[in-house]
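The values are calculated or read from the model by the stated rules, or taken from the named source; none is laboratory data. Here the structure is a predicted model, which is why all the values come from computation and not from measurement. Cβ placement follows ideal geometry from the backbone for every residue including glycine, while neighbour counts extend to all protein chains displayed.
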Amino acid sequence: MPDSHEEGLIDLGLVRRSARGDREAFDALVARHQASVFRLARSLIGTSDGAEDVLQQTFLSAWQAAPGFRGDSSIRTWLLTIARNAALTRRMRAAREPRDETPLEDLGIRAGWGGPDPEQLAAAAEQRDHLAAALASLVPEEREILTLRDLEGLPGDDVAAMLGLSLAAMKSRLHRARLSLAATVRGGMTRATHRA
């Protein structure tokens, strides 16, 4: 299995070939990073349809910007930065429009959550629902930093740079977001236990 340095070299080669118009190289780049871009977009936008739009915008922008890529960051960080900017632009536009949210249960079904055992399925769905609801209840800045650092596993320096924060400020915001998520999950599980 290639290490992160080898992965970075592969990505850099794909971007350089894409910059020369190599569509197959770009398709390979998309295949390597579309899941991460989609997860971040869904975290920031809140709907799968909106995240799909951000995903498409991200890779369209990346295709157009590939010739100017300077290599100041990893390809993954570059793509997630493009996705973040596209999501923030979309969120600003959406703030002026009426909201149409897909129920969380429907998103879970489409995402393929579940297992063969109905009891396990119900328990797992309840846990995911609690976690997803807790994450969704956080302010966008908390969801964003948790997605970048904990779900996507970006290095702290990259997350701090993407968010325009010092490393210390990023760590403080991340810690606060983790505590908010834990408190929300704990509160939701306590209420569910009392209802049972």
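A single member of Leu154, Leu135 is closer than 26 Å to Arg76 by Cβ, at pLDDT 75 or above and in a loop (DSSP other than H, G, I, E, B), and it is Leu154.
Among the residues of the range 34-54, write down those that are among the aliphatic types (A, V, I, L, M) and without any contact (Cβ under 8 Å) to a residue 60 or more places away in the chain. Those that are among the aliphatic types (A, V, I, L, M) and without any contact (Cβ under 8 Å) to a residue 60 or more places away in the chain: Ala35, Val37, Ala41, Ile45, Ala51, Val54.
Answer yes or no as to whether Ile45 is in contact with a His (Cβ under 8 Å, 6 or more places away or on another chain), surrounded by 14 or more Cβ atoms within 10 Å (Cβ to Cβ) and at pLDDT below 95. No. Among all residues of the range 102-115, there is at least one that is over 20 Å from the mean Cα position of the chain (by Cα), at pLDDT below 90 and either within 26 Å of Ala161 (Cβ to Cβ) or not assigned by TED's automatic domain parsing to the domain that holds Gly8 (or both). One residue alone among Ala182, Ala177 is modelled with pLDDT of 70 or more and exposed (fewer than 12 other Cβ atoms within 10 Å of the Cβ), and that residue is Ala182. Taking the range 1-90 as the region of interest, the helices (runs of 4 or more DSSP H) fully inside it that hold 1 or more residues being of a type in the set (Lys, Arg) and under 28 Å from Gly156 (Cβ atoms) are 4-19, 23-45.
Collect the residues in the range 16-33 that are buried (at least 17 other Cβ atoms within 10 Å of the Cβ) and either touching a residue at least 60 places away in the same chain (Cβ under 8 Å) or under 30 Å from Leu135 (Cβ atoms) (or both), keeping them in residue-number order. Passing the criteria: Leu29, Val30, His33. When Arg99 is tested against the conditions (1) out of contact with any Leu (no Cβ under 6 Å at 6 or more places or on another chain); (2) basic (Lys, Arg); (3) modelled with pLDDT of 90 or more, the lone failure is (3). The set of residues in the range 159-174 that are loosely packed, with under 12 Cβ neighbours inside 10 Å and in a loop (DSSP other than H, G, I, E, B) comprises Gly164, Ser166.
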